[in-house]
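> Here it is, the structure in full.
The values are calculated or read from the model by the stated rules, or taken from the named source; none is laboratory data. These numbers come from a predicted model, not from an experiment. Backbone-built Cβ (ideal geometry, glycine too); neighbour counts: all protein chains shown.
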């Protein structure tokens, strides 16, 4: 399913950019760093984003992030995603798909003992949002619907064959700087 989604995004990006000149980029600053509250990094994340395809009305960007929550159930989040932006001067509609890795702390009580373990798991994320960034501007802000999809986890042990059944409707707000 995830492979099919990436294939569809690739085909859409190829079809939408066919006929445009690579020199007609509308965003002069292709790199950005932004702080996102909510979003695919849990409660907050610090993200780096790079525009890979940069045309007047269509852009493709890759994004990676990091967040750390000491003492929480999920203490490290690593969101990775690809976003498609449909541009109207300084206004952009964003569609994206991604994944996130997270290190979970599992606690289970067995025979009056508390057992604690840590393991890595992953989930899927999406993005449907609005972005404001002037073509030559350095300041940007975004707001979006970023649903999360995770595997079921019964107790202490992680089962990589468990189905993706935990759906969390989520959202995020970002502010950032581009260079």
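> Working only within the stretch 133-148, note down all residues that are in a loop (DSSP other than H, G, I, E, B) and touching a residue at least 24 places away in the same chain (Cβ under 8 Å).
Of everything in the stretch 133-148, those that are in a loop (DSSP other than H, G, I, E, B) and touching a residue at least 24 places away in the same chain (Cβ under 8 Å) turn out to be 133, 134, 135, 136, 137, 138, 146.
> Consider only pairs whose beta carbons are under 6 Å apart and that are at least six residues apart or on different chains; among these, list those whose first residue lies in the stretch 153-166 and is assigned to a loop (DSSP other than H, G, I, E, B) and whose second residue is at pLDDT 80 or above and surrounded by 10 or more Cβ atoms within 10 Å (Cβ to Cβ).
158/121; 162/151
> So, of the residues in the stretch 60-93 that are modelled with pLDDT under 95 and within 22 Å of residue 137 (Cβ to Cβ), which turns out to be nearest to the chain's Cα centre (by Cα)?
87
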